[in-house]
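The values are calculated or read from the model by the stated rules, or taken from the named source; none is laboratory data. The structure presented is a predicted model; accordingly, all values stated were derived computationally and were not measured. Here the Cβ positions follow ideal geometry from the backbone for every residue, glycine too, while neighbour counts run over all protein chains shown. These accessible areas exclude ligands, DNA and RNA; they are computed on the full protein's heavy atoms, side chains included. Shrake-Rupley method; radii C 1.70, N 1.55, O 1.52, S 1.80 Å.
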Amino acid sequence: MDFRLSDEQLQIKTMVREFGESEIKPHLSEWDEAQHFPVDTFKRAGELGLLGVTLPEEYGGAGLSYVDYVNVIEELGVVDSGFGLSVAAHNSLGSGHIYIAGNAEQKKKWLSKLTSGEWIGAWGLTEPGSGSDAGGLRTTAVKDGDDWVLNGTKNFITNATYANISVVLAVNDKNAKRGVTAFAIEMDRPGIRAGKKENKLGMRVSDTAELILEDCRVPQENVLGVIGDGFVDAMRVLDGGRISIGALSVGIARGAYEAARDYAKQRTAFGKPIADFQAIQFMLADMATEIEAARLLCWQAATVKDAGERVTQFSAMAKLYASEVAVRATEKCVQIFGGYGFIKEFPAEKFYRDVKLCTIGEGTSEIQRMVIARNLLAEAQRA
Ligand SMILES: Cc1cc2nc3c(=O)[nH]c(=O)nc-3n(C[C@H](O)[C@H](O)[C@H](O)COP(=O)(O)OP(=O)(O)OC[C@H]3O[C@@H](n4cnc5c(N)ncnc54)[C@H](O)[C@@H]3O)c2cc1C
């Protein structure tokens, strides 16, 4: 077992960090304040291979491993987790569903546009009345001749305002055990549009909006996977997506830790740097230790996924632990900054606002615990 990264992996991390430092960080407070999603910078991420990290080269992807993807998302999270969230939703949700469930023709048609950044992808499962209880979705898909007609509203959809294509989950048979189907819908089709853009606590650089379907007519060739298997495929998509939320959490926690450490070394009280006080040192020690443990869980889940094995339990563990570590780390960061931790000119408050989404998006901490427990108990039953 070797936890060291290869030279190539370290280079990728450096490249992403430099991209973030030069093209995101200088604009961050302005974008955060205005809730501005930087489309051009997002597309530039496509030029660097960050919008198709794990997809094969035949679709324009970078052909890297899920471990590499975890490292990319962590680095983006250090600089701005909102931008990282949009990149993660594009990679592991929108493109991820097309890659997992799409046929050869669909992949050829859509994925190269998504990996290059020419197109932006979104993924709509959540609805106003169903989030954790994702199976309670109400959007309908009714067969009409060779087409499907979709009606419903999706809620809290990352990238919805700017997406060129959205994967939408809809009920095609409310009486069937497997009655949910996935559709890839180009956003210039009549009947689909982005709705209200949310005004958020954090992750404000990421776009979050409704996705509204009103008699949206979609041809059969836009059905992703087997009719009725959409929900099962969506859970597989989330298995991968949750690892990226874990990685994003590690990035936020690391950003908060690095800011707190540097501040503690230069801020003085009672005639010495506050880093000399054991109370501050213990906070830094706890932050750093938990970050290492969280990253190892993300790498473990990514390694299992790279091996093609079932990753549900490991991805839920990585997401649960990393997101809760990150919440604790950002809280300590604000504490170490003291009053300045409350002030927008300093970095601590933004980490504190951004991080909370990580315990909610792609399944809350409670849902992760349910998934983990269900898997553990099923495993015990089989033994
Ligand atoms: C910024 C942002 C981006 C998002 N991006 C996307 C996206 O791109 N695509 C998408 O489809 N969705 C997206 N979501 C939706 C997100 O996945 C849901 O918000 C999340 O799954 C929680 O669902 P909910 O908001 O309906 O909360 P609810 O399900 O109403 O949960 C409310 C509370 O009840 C708890 N709860 C619910 N059921 C149980 C239970 N059985 N046992 C114990 N506790 C329970 C929850 O843990 C939570 O604490 C996004 C959300 C946000 C805020």
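General observations
- For the range 155-193, a residue qualifies if it is touching a residue at least 60 places away in the same chain (Cβ under 8 Å) and open to solvent by less than 20 Å² (accessible area, probe 1.4 Å), and the qualifying residues are N159, A163, I165, S166, V167, L169, A170, A182, A184.
- The set of residues in the range 255-264 being open to solvent by 30 Å² or more (accessible area, probe 1.4 Å) and in contact (Cβ under 8 Å) with a residue 12 or more places away in the chain consists of Y257, E258, R261.
- Close contacts from the range 316-329, counting a first residue that is under 21 Å from A260 (Cα atoms) and at pLDDT 95 or above and a second that is assigned to a helix (DSSP H, G or I) and of a type in the set (D, E, K, R), with Cβ to Cβ under 6 Å and a gap of 6+ residues or different chains, come to V325/E290.
- Condition check for E349: open to solvent by 90 Å² or more (accessible area, probe 1.4 Å), more than 16 Å from the ligand (Cβ to nearest atom) and charged (D, E, K, R): no
- Candidate set: the range 352-383, residues that are near the ligand (Cβ under 8 Å from one of its atoms) and touching a residue at least 60 places away in the same chain (Cβ under 8 Å); chosen: the one surrounded by the fewest Cβ atoms within 10 Å (Cβ to Cβ): E366
- Residue satisfying condition, being part of a loop (DSSP other than H, G, I, E, B) and in contact with a helix residue (DSSP H, G or I) (Cβ under 9 Å, 6 or more places away or on another chain), within set T54, T41: T54
- Candidates K108, K25: the one that is closer than 25 Å to A184 by Cα, in a helix (DSSP H, G or I) and open to solvent by 40 Å² or more (accessible area, probe 1.4 Å) is K108.
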